[in-house]
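The values are calculated or read from the model by the stated rules, or taken from the named source; none is laboratory data. Predicted model only: the values in this text are computed from it and were never measured. Using ideal geometry, Cβ is built from the backbone for each residue, glycine included, and neighbour counts are taken over all protein chains shown.
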Amino acid sequence: MLKKFNPFNWSARTVKIAFAVFCAIFVPVYLIIGLQPATAADPTEFNYDTLNIADINLIAPVKPITLNSEHRLVAPDTIAGAYSDSANKTLIIGHSSTIFATLHTAQVGDMIDYADSKYVITEITYQKVEDINMRDVLASTSRPTLVLMTCAGTPVDGNYPERLIITAEAL
């Protein structure tokens, strides 16, 4: 009786059938459940500010970030990151594959709520990575300004060649 349930005693045909049944059941379940995009963290869980662009259904918790040891800004995986080292200017970065998946649909004139302030989008540009001057992006301004940045373009060797840069000024 036990010999029948021992896979080492099965015929090659029985092993092939068992493998086919396994693949037919578990592979689709894994693909449906296991490969879902990461969900955003609840902003209230960490007391982060929230970025809200109602026109594109974007609500994103925004975590303060700092420069890493290589003097680079690294976006958090599933939420946005905010960096500021100048007066009246905040840079918010996020991945276009997760938290900023709808950012490319924003338009000039759309309203943004962030950190208890209201902003209006005044400029939308796409720039090649090598053409971006981060000193200019981070330079202080006379009015409170948000700059949202995410990857854009078709990836080459896993890297996106462009950045979508959205500028918004406080009302």
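Just a few scattered comments:
- Per the conditions (1) surrounded by 12 or more Cβ atoms within 10 Å (Cβ to Cβ); (2) modelled with pLDDT under 90; (3) on the phi > 0 side of the Ramachandran plot, the sole criterion not satisfied by ASN47 is (1).
- Screening ASP85 on (1) over 20 Å from the mean Cα position of the chain (by Cα); (2) in contact (Cβ under 8 Å) with a residue 60 or more places away in the chain shows it passes everything except condition (2).
- THR98 assigned by TED's automatic domain parsing to the domain that holds ILE59, surrounded by fewer than 17 Cβ atoms within 10 Å (Cβ to Cβ) and of a type in the set (Val, Ile, Thr): no
- Any chance ALA80 is surrounded by 11 or more Cβ atoms within 10 Å (Cβ to Cβ), modelled with pLDDT of 95 or more and under 13 Å from the mean Cα position of the chain (by Cα): yes
- For ASP113: the one exception among (1) closer than 19 Å to ASN52 by Cβ; (2) modelled with pLDDT under 95: (2)
- Hits in segment 83-98 - residues which are aliphatic (A, V, I, L, M), out of contact with any Gly (no Cβ under 6 Å at 6 or more places or on another chain) and either at pLDDT 95 or above or not in a loop (DSSP other than H, G, I, E, B) (or both): LEU91, ILE92
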